[in-house]
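A short write-up of the structure that comes next.
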Amino acid sequence: MSISTDYAVTIRPLSAADGGGFVALVPDLPGCMSDGETPQEALANAQDAIASWIEAAHELGGPIPEPTREDLLKFG
């Protein structure tokens, strides 16, 4: 079974009250997120989170959604 790990990641700044840095969310994988001090670190950590999410879903026999196609994304 070949699973793509090319998922869209949304990166947002965290407020100082939330500790600062950045949070990275993976909309296609419920609950999959990570953070980092910089956007680049948050993105790198999100790639690890994606791999872990997929591994856990596979081990539990859960569905693994395909990444949303870029041409179906809505902006604005």
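Just a few scattered comments:
- Each Lys and Arg contributes +1 and each Asp and Glu -1, all at the Cβ; summed about the Cα centre of the stretch 10-63, the dipole is approximately 160 debye.
- Integer Hz, Karplus 6.51/-1.76/1.60 couplings in order for the stretch 22-29, x for Gly and Pro: 9, 10, 10, 10, 10, x, 6, 10
- Between residue 52 and residue 18, the contour length at 0.36 nm per residue exceeds the Cα-Cα span by 9.8 nm.
- Sorted into 5 angstrom bins from 0, the C-alpha pair distances of the stretch 10-63 split as 5, 23, 26, 20, 13, 7, 5, 1 percent.
Read the figures in this text as sums done on the coordinates, not as results from a lab. This structure is a prediction, so every number in the text was calculated from the model and none was measured. Cβ atoms come from the backbone with ideal geometry, glycine included; neighbour counts cover every protein chain shown.
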